[in-house]
Structures are given as structure tokens and as C-alpha cells.
Amino acid sequence: MPDLALRHWIYDALATRGRAPSKHEVADRVGGEAAATTALADLQDAHMVVLGADGDITMALPFANRPTGHVVVGDEMSWWANCAWDALAIPAAIGCDATIEADWLDTGRPVDLAVRDGDLVGDTEGFVHFHVPARRWWDDIEET
């Protein structure tokens, strides 16, 4: 299976199930554990996914495949996001209305943000701060 087809399948699973396929599910799809290890490593090298120490997908930006402090709640499902920026990207990527569940880092208060018909609504007076310049995000994407 070409990398882009595998990537599409992974993203479809994240969008429709709220979680990425496990390495074992990938193995079933691509023809075995060795093929899955290679295919997932290729996707990681191309910055299409991030793998954990166990070889499973932990991120496929903007989706997180593990609980985080940023939850995007749609009408019928929810998704974990890696950060505030990704929490806004998920409704845009899926094309859905959603509420963002997260806390402002400076105050600890819950954010009041939602996406409705493609527009950001709620308390939009905050800001998103990127500690690391975008050109260096992949130096340590999980920390960024």
C-alpha cells in the first residue's frame, strides 16, 4: 500500500473513530508486522505521523492518539488534539462544528471557544503562544 493511501486510512480512522489504528491493525492492512513497521517508519520520516516507543501512532497532526488537555467535541464524537492550534485545526479538517475543551495556560481557567459554521466563537480575546519557532517544531514535536 502506498504511503499516502495508508496515511489516508489512518486519518479516516481518526476522524471517524476518534483513534488511530493500532500497529497490529496496520499490519493486517499492509501484510504483516515487518511491513507495518517499515510503512509506519516511512510515514514518521515524512512527518505524517509520530510513533511512540511501542511503534503505535501517538500523533497524526492535528490529531493526538492519546488523552491530552485539549479535547475537540463534535456533535457525535470527540477527538484529542496535541495543542490549542491543533484543537482549532480538527474542526477545520473534518468540516464540523465543535466545542474546544481546554484550559488557558496563563490562568488555568477553561477556554470558551467553539467553531460554528467555520467561524471561531466565544471568548476570542486570548492568544496562542508558540515557544518554539515553527521551523524547529519537528526537532521535538511531542514537546512542541
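Among the residues of region 102-126, which ones are loosely packed, with under 13 Cβ neighbours inside 10 Å and closer than 30 Å to residue 46 by Cα?
Once the filter is applied, which keeps residues that are loosely packed, with under 13 Cβ neighbours inside 10 Å and closer than 30 Å to residue 46 by Cα, region 102-126 yields only 118.
Whether any residue in region 64-84 is open to solvent by less than 70 Å² (accessible area, probe 1.4 Å) and assigned to a helix (DSSP H, G or I) is what I want to check.
Taking region 64-84 first, the residues open to solvent by less than 70 Å² (accessible area, probe 1.4 Å) are 64-66, 68-74, 77-79, 81-84.
Cutting the leftovers down to assigned to a helix (DSSP H, G or I) gives us 84.
Yes; the residues of region 64-84 include at least one that is open to solvent by less than 70 Å² (accessible area, probe 1.4 Å) and assigned to a helix (DSSP H, G or I).
Kindly provide the set of residues from region 54-76 that are aliphatic (A, V, I, L, M) and at pLDDT 95 or above, ordered by number.
Residues of region 54-76 that are aliphatic (A, V, I, L, M), as a first pass: 57, 59-61, 64, 71-73.
Answer for region 54-76, where residues must be aliphatic (A, V, I, L, M) and at pLDDT 95 or above: 57, 59, 60, 64, 71, 72, 73.
Being in a helix (DSSP H, G or I) and in contact with a strand residue (DSSP E or B) (Cβ under 8 Å, 6 or more places away or on another chain) is the filter; apply it to region 27-58 and report the residue that is least open to solvent (accessible area, probe 1.4 Å).
As a first pass, look at region 27-58 and keep what is in a helix (DSSP H, G or I): 27-30, 33-45.
Add one more test, that the residue is in contact with a strand residue (DSSP E or B) (Cβ under 8 Å, 6 or more places away or on another chain), and what stays is 40-41, 44.
On the way: 40: 2, 41: 38, 44: 63 Å².
Going through the qualifying residues, I end up with 40.
Out of the residues in region 85-95 that are over 13 Å from residue 15 (Cβ atoms) and touching a strand residue (DSSP E or B) at 6+ places or on another chain (Cβ under 8 Å), state the one that is least open to solvent (accessible area, probe 1.4 Å). Give the steps one after another, and end with the answer.
Just the residues of region 85-95 that are over 13 Å from residue 15 (Cβ atoms), to begin with: 85-88.
Now restrict to residues that are touching a strand residue (DSSP E or B) at 6+ places or on another chain (Cβ under 8 Å): 86-88.
Working: 86: 19, 87: 0, 88: 54 Å².
Here the residue is 87.
The values are calculated or read from the model by the stated rules, or taken from the named source; none is laboratory data. As the structure is a prediction and not an experimental result, all values here were calculated from the model. So basically every Cβ, Gly included, is an ideal-geometry build from the backbone, and we count neighbours across all protein chains shown. The protein model used for the area step is the full one, side chains on, heavy atoms only, and it has no ligands, DNA or RNA in it. Shrake-Rupley method; radii C 1.70, N 1.55, O 1.52, S 1.80 Å.
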